[in-house]
Amino acid sequence: MHVIYFHQYFSTRQGSTGTRSYEMAQKLLKRGHQVTMVCASYGSANTGLSGPYRRGRREGVVDGIHVIEFELPISNRDGLIKRTWTFLKYSLRSAWVAIFSKYDLIFATSTPLTAAIPGIAASWLRWKPFVFEVRDLWPELPKAMGVVKNPIVLWLMGFLERRAYKAARRCIGLAPGIAAGIAKHIPAERVAMIPNGCDLAFFDPATAKPWRPEGLKATDFVAVFSGTHGPANGLHAVLDAAAELKRRQRPEIKLLLVGDGKTKDGLVRRAKEEGLDNVVFHPNVKKELMPGMLAGANAGLQILANVPAFYFGTSPNKFFDYLAAGKAVVNNYPGWVAEMLQANRCGRACPPEDPRALADALEYLADHPEECQTMGENSRKLAEAQFNRDQLSDQFCEVLESVGARR
């Protein structure tokens, strides 16, 4: 069947963002399906297209995927109003493609929630089967973070959320809390939970060539965070722990923050003002270079702002990369990630907003290298046993094929 796949932030491995959609599209191709990917111009992504835009779009075939890219640049540094306007423009242009293109099944993945609009339009106007993937619960999450407070906007978002779930033949949630949230609106049998997975071959610690950014010594204990530097990530918690480690005179424990986002400038400024030379900032790294960077680190940092909606409602890419790379993980919030770490002895789970506890965890791993290594080995075992991306992508394809078979 021909699947038209809507993901505003689509990227190949040449980009420096998550590649779930690329991997899922590749599995669809392997199973004999045709895929058209519709995306926009995300700053951290690389769609594989390089030709000029014509009338606001360009297209071509990238690794077997027919890619349509709209000239709608968006960045993690953009403000809320600008991002919202870009979301709406993408969804309206995508709806036009969904209404007038030839295909068998429509698939859309959020965020943003507006990504569901082409699926709703196609299901209503053309009776096309629609599958909707939810990466974050909206409006619950922005409401919990205080990002959106206007009651009218929240109502409109809630209305769109309900319409999307009901228009979709099946929904996919990336975390237990997300699947449970969807099941409040539609029967649970229409909801599948398929988390982000681990690319075991790509992040194989046995074949990765370790490297460290400039400013890090071979003797340093390095804990790395790789991802967006935004309000949701709460990275001031890392600087709080860095200040505590500096007071304890542990200069060999280095905290490596890799990525970009709205709060990065403020983090860099604060680190400079407080003399936190144990924090090293590094720009985004292409996905293809990530295995070597993780191989050169001692542990991974899974950090989020203390928002209860995050506890069971996120499926962070970086966490699964840490597992696949065989790294001990330190996280700073309760929930399903913390429970996995503790149950499988893959790292240390700390209470939120507690810099001393976060510093304690890092100090313990630095002082117990053999145990840190064992935790990393446990991470890899967990990745192999429960989060093998090859197996999860088969489950993903089976959901779409089951819907397509009934069209």
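The values are calculated or read from the model by the stated rules, or taken from the named source; none is laboratory data. Bear in mind that the values here come from a model prediction, so they are computed numbers and not experimental data. With ideal geometry, Cβ positions are generated from the backbone for all residues, glycine too; neighbour counts draw on all protein chains shown.
Taking the condition part of a loop (DSSP other than H, G, I, E, B) and out of contact with any Pro (no Cβ under 9 Å at 6 or more places or on another chain), does Tyr9 pass?
Yes: the conditions hold for Tyr9.
Considering every residue within the range 138-159, establish whether at least one is touching a residue at least 40 places away in the same chain (Cβ under 8 Å) and in contact with a Gly (Cβ under 8 Å, 6 or more places away or on another chain).
Yes, because at least one residue in the range 138-159 is touching a residue at least 40 places away in the same chain (Cβ under 8 Å) and in contact with a Gly (Cβ under 8 Å, 6 or more places away or on another chain).
Would you confirm, using the coordinates I've provided, whether Ala108 is at pLDDT below 95 and buried (at least 21 other Cβ atoms within 10 Å of the Cβ)?
Criteria not met by Ala108.
For the range 249-293, what are the residues that are outside any strand (DSSP E or B), among the basic types (Lys, Arg) and over 25 Å from Asp78 (Cβ atoms)?
Selection gives Arg250 alone.
Given the residues Val224, Val238, which is the only one that is part of a helix (DSSP H, G or I) and either buried (at least 22 other Cβ atoms within 10 Å of the Cβ) or among the acidic types (Asp, Glu) (or both)?
Among Val224, Val238, only Val238 is part of a helix (DSSP H, G or I) and either buried (at least 22 other Cβ atoms within 10 Å of the Cβ) or among the acidic types (Asp, Glu) (or both).
Return the residues of the range 237-263 that are more than 21 Å from Lys217 (Cα to Cα) and free of Cβ contacts under 8 Å to residues at least 60 places away in the same chain; say none if nothing qualifies.
Thr263
From the list Gly275, Gly266, pick out the single residue that is within 25 Å of Gly146 (Cα to Cα), of a type in the set (Gly, Ala, Ser) and at pLDDT 95 or above.
Every option except Gly266 fails the conditions.
For the range 66-95, which residues satisfy the criterion of being of a type outside the set (Lys, Arg) and in contact with a Leu (Cβ under 7 Å, 6 or more places away or on another chain)?
Within the range 66-95, Val67, Glu69, Thr86, Tyr90 qualify.
Quick one: which strands (runs of 3 or more DSSP E) lie wholly within the range 294-392 and hold at least 2 residues that are in contact (Cβ under 8 Å) with a residue 40 or more places away in the chain?
Strands (runs of 3 or more DSSP E) meeting the threshold: 299-302, 328-331.
Each row is one residue, and each column tells you yes or no for (1) within 27 Å of Trp336 (Cα to Cα); (2) crowded, with 17+ Cβ neighbours inside 10 Å.
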| position | (1), (2) |
| --- | --- |
| Leu125 | no, no |
| Val134 | yes, yes |
| Leu137 | yes, yes |
| Val147 | yes, no |
| Ile182 | yes, yes |
| Ala192 | yes, yes |
| Gly197 | yes, yes |
| Lys209 | no, no |
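The conditions are (1) in the same structural domain as Glu377 (by TED's automatic domain parsing); (2) closer than 29 Å to Glu398 by Cβ, and Phe203 fails exactly one of them. Which is it?
Checking Phe203 against (1) in the same structural domain as Glu377 (by TED's automatic domain parsing); (2) closer than 29 Å to Glu398 by Cβ, the one that fails is (1).
Just checking, which of Gly51, Gly64 is at pLDDT below 95, more than 23 Å from Phe159 (Cβ to Cβ) and surrounded by fewer than 16 Cβ atoms within 10 Å (Cβ to Cβ)?
Criteria check complete, one pass: Gly51.
Going by the conditions given, is Gly173 of a type outside the set (Val, Ile, Thr), assigned by TED's automatic domain parsing to the domain that holds Trp127 and touching a Gly at 6+ places or on another chain (Cβ under 6 Å)?
no
I'm checking my understanding of the structure. Among residues of the range 340-366 that are touching a strand residue (DSSP E or B) at 6+ places or on another chain (Cβ under 8 Å) and more than 19 Å from Ala242 (Cβ to Cβ), which one is surrounded by the fewest Cβ atoms within 10 Å (Cβ to Cβ)?
Gln342
Could you say whether any residue in the range 59-72 is aromatic (Phe, Trp, Tyr) and in a helix (DSSP H, G or I)?
no
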